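Report on one structure; see the data block that follows.
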Amino acid sequence: MSAWLFMWCLAFTIFFGLKWLTWWEARRHFPRRLGRSLAYLFAWPGMDAETFLDPGKPAPAPQLRDWLGPVLKAALGVLLLWVIARRVPDQQPLLQGWIGLFGLVCLLHFGSFHLIALFWQAGGVMARPIMSKPLHAQTLSEFWGKRWNLGFRQLAHDFLFRPLHKRIGVAAAGLLVFLASGLIHDLVISLPARGGYGLPTGYFVLQGLGVTLERSAWGRRLGLQAGFPAWLFLLAIASAPAFWLFHPAFVRRVILPFMHAIHAL
C-alpha cells in the first residue's frame with residue numbers, strides 16, 4: 001500500500017471509530033432516529049451527535065449569501081491544488097507540498113465541510129460548521145477552543161476533558177487533550193511517512209503549554225489574554241512551529257505522491 005493510501009485508511013478508520021463512539025453515547029436519547037443516525041455516521045464530518053440527532057433543535061435556513069464563502073474557499077483549494085502548486089519549480093518540493101496541503105484544507109475543511117453543514121441546515125438539521133472563522137481568533141485559547149476543528153474539540157471535551165478536569169484539574173486535563181490530539185496526528189502523519197516521529201505530538205504539547213501559560217497569572221501580566229500581545233502570541237505559537245505538524249518527511253513521502261496520484265502535479 002502506498003504511503004498516502006495508508007494515511008487515508010488510518011484517518012478514516014480512526015474517524016469512523018470515534019464517530020461511532022459519539023453516536024453510541026447519544027443513541028439512547030434518540031432510539032428511533034435511524035435515518036438521521038445513518039446521516040450522522042456517513043454524511044456529516046462533525047462529532048456533535050446529540051445536536052445533530054435531536055429533532056427538537058431545528059436549524060434556521062441558510063441565506064443565499066451564506067453559501068458564497070464556502071464556495072469561494074473550495075474554489076481557492078482547487079486553484080491551489082491543481083493550478084498554483086504546478087507552477088512551483090520541481091526543485092522546491094516542500095513548497096509544492098505545503099501549497100497542496102493548504103489547498104486540501106481549504107477544499108475540505110473550509111469549503112466542502114461547510115457546504116455539507118449548510119445542506120443539512122437547509123433541511124432543518126442543526127449542523128454547525130466545524131470551522132468557525134479561525135482567522136478571527138484573538139487568543140490561543142479562542143483559536144483552539146472555539147474556532148478550529150470544533151468536531152474534535154467536541155469529542156475531546158466530552159470524552160477526555162469533562163471526565164478528568166474534576167479529578168486532576170483544568171490545566172492538567174487540558175494538557176492531556178492536547179497530548180491525545182498530538183498522538184493521533186503522529187499516528188496519521190508520521191507512521192505513513194516513516195519519519196518525523198514525535199514532531200506532531202510536540203506541536204500539540206506546545207499548544208497546550210501555550211494555552212496554560214495564557215490562562216495563568218503570568219499570562220495575565222504579560223497581556224496574553226487580550227489585545228495585540230495576545231494575537232502575537234497566538235501567531236507565534238500556532239503558526240511558527242507548524243512545520244513540526246506537517247514535517248518534511250510527511251510532505252515528501254505522503255503529500256507529494258498523493259498530489260501526483262490526483263494529477264495535481
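The values are calculated or read from the model by the stated rules, or taken from the named source; none is laboratory data. What you see is a predicted model; the values in this text were computed from it and never measured. So basically every Cβ, Gly included, is an ideal-geometry build from the backbone, and we count neighbours across all protein chains shown. Each accessible area value is taken on the protein alone, full model and side chains, heavy atoms only, with ligands, DNA and RNA left out. Shrake-Rupley method; radii C 1.70, N 1.55, O 1.52, S 1.80 Å.
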List pairs: first in the stretch 14-28 and under 13 Å from Phe159 (Cα atoms) and assigned to a helix (DSSP H, G or I), second among the acidic types (Asp, Glu) and open to solvent by 60 Å² or more (accessible area, probe 1.4 Å), Cβ under 9 Å, 6+ apart or cross-chain? Thr22/Glu50; Glu25/Glu50; Ala26/Glu50
Looking at Ser190, Ser181 in this structure, which one is assigned to a helix (DSSP H, G or I), at pLDDT 90 or above and more than 15 Å from Pro241 (Cβ to Cβ)? Ser190
Hey, Asp186 hits all of (1) over 13 Å from Trp144 (Cα atoms); (2) touching a residue at least 40 places away in the same chain (Cβ under 8 Å); (3) of a type outside the set (A, V, I, L, M, F, W, C) but one; which does it fall short on? (2)
Go over the candidates Leu265, Leu213, Leu187, Leu224 one by one and state the one that is more than 20 Å from Trp8 (Cβ to Cβ) and open to solvent by 20 Å² or more (accessible area, probe 1.4 Å). Leu213
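Restricting the search to the stretch 56-82, which residues are surrounded by fewer than 12 Cβ atoms within 10 Å (Cβ to Cβ) and either modelled with pLDDT under 95 or more than 24 Å from the chain's Cα centre (by Cα) (or both)?
Within the stretch 56-82, Gly56, Pro60, Ala61, Gln63, Leu64, Arg65 meet the criteria.
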Positions within the stretch 22-40 being at pLDDT 90 or above, aliphatic (A, V, I, L, M) and surrounded by 15 or more Cβ atoms within 10 Å (Cβ to Cβ), in sequence order: Ala39
Residue among Gly208, Gly195, Gly219 that alone is under 17 Å from the mean Cα position of the chain (by Cα) and open to solvent by less than 20 Å² (accessible area, probe 1.4 Å): Gly208
Mind counting the residues in the stretch 227-256 that are among the aromatic types (Phe, Trp, Tyr) and closer than 25 Å to Val188 by Cβ? 4
Could you list all residues from the stretch 165-183 that are β-branched (Val, Ile, Thr) and surrounded by 19 or more Cβ atoms within 10 Å (Cβ to Cβ)? Val177
When only residues in the stretch 130-164 that are within 28 Å of Phe228 (Cβ to Cβ) and part of a loop (DSSP other than H, G, I, E, B) count, which is most open to solvent (accessible area, probe 1.4 Å)? Lys133
Checking Trp231 against (1) in contact (Cβ under 8 Å) with a residue 12 or more places away in the chain; (2) open to solvent by 70 Å² or more (accessible area, probe 1.4 Å); (3) not in a helix (DSSP H, G or I), which test does it fail? (3)
Identify, by number, the condition in (1) more than 18 Å from the chain's Cα centre (by Cα); (2) in contact (Cβ under 8 Å) with a residue 12 or more places away in the chain that Leu5 doesn't meet. (2)
For the stretch 239-265, how many residues are among the polar types (S, T, N, Q) and in a loop (DSSP other than H, G, I, E, B)? 0
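Could you tell me which of the residues Ala43, Ala75 is closer than 30 Å to Pro248 by Cβ and touching a residue at least 12 places away in the same chain (Cβ under 8 Å)?
Criteria check complete, one pass: Ala75.
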